[in-house]
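Single-structure report; data block below.
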């Protein structure tokens, strides 16, 4: 019987696809803001939520979401107040979360071993109710992250400038970290809390090498995340290997391949640009040119590639050594 | 009487416990071009950011376009060009950078073709329309600076505040950008290290030293140079710390 006919594998495949798309979406903003390890820290905080769930005998996912969101808001409040310098506050929060999670799991009589399915993922045990929660949270992440993408981009690229646009920068900063917290917790059953940051960051890094521009990079990262997650899970079930690790290693393979690919694409792009250059550079010296071009010389200046031409008697004149070339 | 687009009254600001701005007061009337000068660390960039409300705790009052800063909402009428060194625009095209300037007063909504057209127009004004789809980081320092200027002027602001817009820009391009700025008819407050490119346009000059406003007046005394010649920069004293000879 084909493995894909099993309901638990279908659920795992769907969960992989959802997380594979959503994690790099929010990861794009995180990488742009140079906070690539935020997901890793939030993963530590989420462990406290899992520990609390084990101790109280309730479902881990809602607790992990709640605790992780509170942690994310605290981190952002520390950053905005300027008190997170030196990262000491963040370290206390992250490792405090991890220690509290392990402690509560041990109170529940499970020890650190009870946490391992959340630390490294356990796709094959995803229940229908888990899938509904993951699906709902993924839709929330995508709607907000894509719907507000111009504003969140402006904020991630240049926070001071975004403030001078009158954008609600403080609110959007909280939106980004809360979405990151939700992403971390939805991914804990697929790649696990220790590897979730990789799924948020590495597809983005690979896509930014391959695709030109922020939005193309974001869509590219979503595509790479989807392929790596679904491909990694399928490879893991047929080869009987750990799915979370397989997914992350495939994203790294994408990243490694993206370097030479980026060089090829860059050369191709510039060749096609040169072919369509409306002002092709023809280096033909202009004879008998007594006038000296310069700012305020009376001739209009136009930018042409990496230099300036002067419009002179219907021609483009460019200074070259001791003469002018007609371009 | 012309409206004051900037009014600063008794502005003081401390960062990390250190006083950076000390009891600064001045006003900028509509249509003026104001040069803000001072040595490194004198508080020029901090003053610009304080005027724009980028610090939360500051003493004194600031009004923009006649509205107190706390209630100011006409952000589409203000253009800001930060120092190039202060922005991080990884993996972003020139068009994306400039189009982000059109988001003033638009807390939600995607960028539409009309906004992209405005961005292209602003890029043409700084001579970079043919670089719209190039990556920002692949441009030279001077070109990156011009992209930030295009982003600042994309909404045709009434008031344009710029922090060292000519840093890293070669002389030929400085002249071109200065001409673009003076054509824009915006009121300008410009932090400058070198005044050459804009010297003929500057109506008034503010000089900061150690966080205090030590001069508010002409760049050079009217009698000190031939009005038909380009005035020579008169601010070398700022780097030496000596008193300017022409302090009013």
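For residue A:161, indicate whether it is in a helix (DSSP H, G or I) and touching a strand residue (DSSP E or B) at 6+ places or on another chain (Cβ under 7 Å).
yes
Is it true that some residue in the range A:111-127 is surrounded by fewer than 15 Cβ atoms within 10 Å (Cβ to Cβ), at pLDDT 90 or above and either within 9 Å of another protein chain (Cβ to nearest Cβ) or in contact with a helix residue (DSSP H, G or I) (Cβ under 7 Å, 6 or more places away or on another chain) (or both)?
Within the range A:111-127, not a single residue is surrounded by fewer than 15 Cβ atoms within 10 Å (Cβ to Cβ), at pLDDT 90 or above and either within 9 Å of another protein chain (Cβ to nearest Cβ) or in contact with a helix residue (DSSP H, G or I) (Cβ under 7 Å, 6 or more places away or on another chain) (or both).
Taking the residues in the range B:98-108 that are closer than 15 Å to residue A:149 by Cβ, modelled with pLDDT of 85 or more and at the interface with another protein chain (Cβ under 7 Å from one of its Cβ atoms) as candidates, determine which candidate is surrounded by the most Cβ atoms within 10 Å (Cβ to Cβ).
Here the answer is B:100.
Does the range B:75-90 include one or more residues that are surrounded by 17 or more Cβ atoms within 10 Å (Cβ to Cβ) and free of Cβ contacts under 8 Å to residues at least 40 places away in the same chain?
Yes - at least one qualifying residue is present in the range B:75-90.
Test residue A:47 against the criterion of being modelled with pLDDT of 90 or more, more than 30 Å from residue A:109 (Cβ to Cβ), assigned to a helix (DSSP H, G or I) and in contact with a helix residue (DSSP H, G or I) (Cβ under 8 Å, 6 or more places away or on another chain), and give yes or no.
No.
For the range A:135-144, indicate whether the set of residues that are closer than 28 Å to residue A:221 by Cβ, surrounded by fewer than 20 Cβ atoms within 10 Å (Cβ to Cβ) and within 14 Å of chain B (Cβ to nearest Cβ) is non-empty.
Looking for residues that are closer than 28 Å to residue A:221 by Cβ, surrounded by fewer than 20 Cβ atoms within 10 Å (Cβ to Cβ) and within 14 Å of chain B (Cβ to nearest Cβ), one finds at least one in the range A:135-144, hence yes.
Within the range B:8-15, is even one residue surrounded by 15 or more Cβ atoms within 10 Å (Cβ to Cβ), touching a residue at least 60 places away in the same chain (Cβ under 8 Å) and either under 16 Å from residue B:206 (Cβ atoms) or under 14 Å from the mean Cα position of the chain (by Cα) (or both)?
No - not one qualifying residue is present in the range B:8-15.
Do you know which residues across the range B:54-96 are modelled with pLDDT of 90 or more, within 7 Å of chain A (Cβ to nearest Cβ) and within 25 Å of residue B:144 (Cα to Cα)?
B:54, B:75, B:78, B:80, B:82, B:92, B:93, B:96
The values are calculated or read from the model by the stated rules, or taken from the named source; none is laboratory data. Fair warning: this is a prediction, and the values are worked out from it, not measured in the lab. Cβ: placed from backbone, ideal geometry, glycine included. Neighbour counts: every protein chain shown.
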